[in-house]
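Okay, so here's the structure we're looking at.
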Amino acid sequence: MQPFDRFTLMQFLWAALSILGFSIRVNLKGSKILLLALGGGLSWAFYLIFLYYSDSLLYSIFGASILVCAYSEIVARAVKVPVSVFVTCVIIPLVPGSSLYYAMQAYIAGNHAAASVHIYKALLISGTIAMAIAVVSSVTNIIYRLFNRF
């Protein structure tokens, strides 16, 4: 799979549509939902691009999260919406839902070793996303404090 082929474009569109639907479901209105949909699609596209060039799951998640959180900080301030609304919505495609599903399936089947592996993977991905959000938030906070100081 190439990073810029039809399959990546299709996945970008599905991620954008899913975030569009989620945005409508949580009662967001106006042009914000289109910006959120774009951010959700970008998060998955960045993930696929990083994964293609690095072959590292955690690096791909971290890189995509950093870029999408920076996008969220910029766009949320431009449209005067809390940054947490944007970050929460655009990070959804990166959430490790499949790992949690397979962990629960293995646990119910009695395979505790496989469940532990999937839970460990889900915790690593979740921690990586949280670290990326914290890094971008901290750097943005420092930059805005410096701009407001001078």
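The values are calculated or read from the model by the stated rules, or taken from the named source; none is laboratory data. From a predicted model like this one, the values you see are computed outputs, not experimental measurements. For neighbour counting, all protein chains shown are included, and Cβ atoms are generated from backbone atoms with ideal geometry for every residue, glycine included.
Observations
- Within the stretch 9-46, the set of residues being over 17 Å from SER72 (Cα atoms) and of a type in the set (Val, Ile, Thr) comprises ILE24, VAL26.
- Within the stretch 132-150, being surrounded by 13 or more Cβ atoms within 10 Å (Cβ to Cβ) and either of a type in the set (Ser, Thr, Tyr) or in contact (Cβ under 8 Å) with a residue 40 or more places away in the chain (or both) holds for ALA132, ILE133, VAL135, VAL136, SER137, THR140.
- Members of the stretch 1-28 found to be in contact with a helix residue (DSSP H, G or I) (Cβ under 8 Å, 6 or more places away or on another chain), more than 13 Å from TRP44 (Cβ to Cβ), at pLDDT 90 or above and not aliphatic (A, V, I, L, M), listed by number: PHE22, SER23
- Selection from the stretch 29-59 of residues that are part of a loop (DSSP other than H, G, I, E, B) and out of contact with any Phe, Trp or Tyr (no Cβ under 9 Å at 6 or more places or on another chain): LYS29, GLY30, SER31, ASP55
- In the set (1) under 21 Å from the mean Cα position of the chain (by Cα); (2) of a type in the set (Val, Ile, Thr); (3) at pLDDT below 95, the condition left unmet by ILE143 is number (1).
- Residue match in the stretch 54-68 (condition: touching a Cys at 6+ places or on another chain (Cβ under 9 Å) and under 20 Å from VAL136 (Cα atoms)): no
- Single match in LEU94, LEU38 (criterion: within 21 Å of SER18 (Cα to Cα), touching a residue at least 40 places away in the same chain (Cβ under 8 Å) and surrounded by 17 or more Cβ atoms within 10 Å (Cβ to Cβ)): LEU94
- Among the candidates ILE119, ILE129, the residue that is modelled with pLDDT of 95 or more, within 21 Å of SER23 (Cβ to Cβ), touching a helix residue (DSSP H, G or I) at 6+ places or on another chain (Cβ under 6 Å) and surrounded by 12 or more Cβ atoms within 10 Å (Cβ to Cβ) is uniquely ILE129.
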